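Below is one structure; the comments refer to it alone.
The values are calculated or read from the model by the stated rules, or taken from the named source; none is laboratory data. Keep in mind it's a predicted model, so treat the numbers as computed, not measured. Glycine also receives a Cβ, built like all others from the backbone with ideal geometry; neighbour counts cover every protein chain displayed.
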Amino acid sequence: MTWFGDIYAEQCVPTLMHFLGESLAGIYMTPAGESIECRGIITNIGKEVQEDETGERLRISREWIISTDPDGEYGGVADPETAATAIIDGVTYAVHDVEAITENFARLSLVRLPIKRRSRNSLRRS
């Protein structure tokens, strides 16, 4: 690390996580099935309607900023992968993209996984 990176990791990261981080933001699940509890910053909750051959569906996405220090106070993932999943507030998301990664943080783009239907299609009438 550079001297700036050392100072940033020592002074800025704890302040950012203290004021902006959730107490337990979520659980990062590696593709191998290992779970890692991470405190992080949850931002940009987005909703958009997408159309495909089966009709319309709602796509819910979020950004999750986590530490890249696995041994740190906030939990972390040294090398986040796009094949992983995240569980935030009991909701399962797929890691769609690792948008940015620095010496201290990784910004993950998450997309909510589809909810399994409990009833058959076309059971309810409009």
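For this structure, a couple of remarks:
- Qualifying residue in the stretch 81-99 (condition: among the β-branched types (Val, Ile, Thr), modelled with pLDDT of 85 or more, in a loop (DSSP other than H, G, I, E, B) and more than 11 Å from the chain's Cα centre (by Cα)): no
- Taken over the stretch 100-117, the criterion of being surrounded by fewer than 17 Cβ atoms within 10 Å (Cβ to Cβ) and outside any strand (DSSP E or B) is satisfied by THR102, GLU103, LEU113, PRO114, ILE115, LYS116, ARG117.
The rows are residues; the columns are (1) among the hydrophobic types (A, V, I, L, M, F, W, C); (2) modelled with pLDDT of 75 or more; (3) part of a helix (DSSP H, G or I); (4) surrounded by 11 or more Cβ atoms within 10 Å (Cβ to Cβ).
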| site | (1), (2), (3), (4) |
| --- | --- |
| GLY5 | no, no, yes, yes |
| GLU10 | no, no, yes, no |
| THR15 | no, no, yes, no |
| TYR28 | no, yes, no, yes |
| GLY33 | no, yes, no, no |
| ILE41 | yes, yes, no, yes |
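- Of the residues making up the stretch 87-99, those that are buried (at least 20 other Cβ atoms within 10 Å of the Cβ) and over 25 Å from CYS12 (Cα atoms) are TYR93, VAL95.
- Total residues in the stretch 43-75, condition surrounded by 10 or more Cβ atoms within 10 Å (Cβ to Cβ) and either of a type in the set (D, E, K, R) or not in a loop (DSSP other than H, G, I, E, B) (or both): 17
- Selection of the stretch 43-93 for residues being free of Cβ contacts under 8 Å to residues at least 60 places away in the same chain and aliphatic (A, V, I, L, M) yields ILE45, VAL49, LEU58, ILE60, ILE65, ILE66, VAL77, ALA78, ALA83, ALA84, VAL91.
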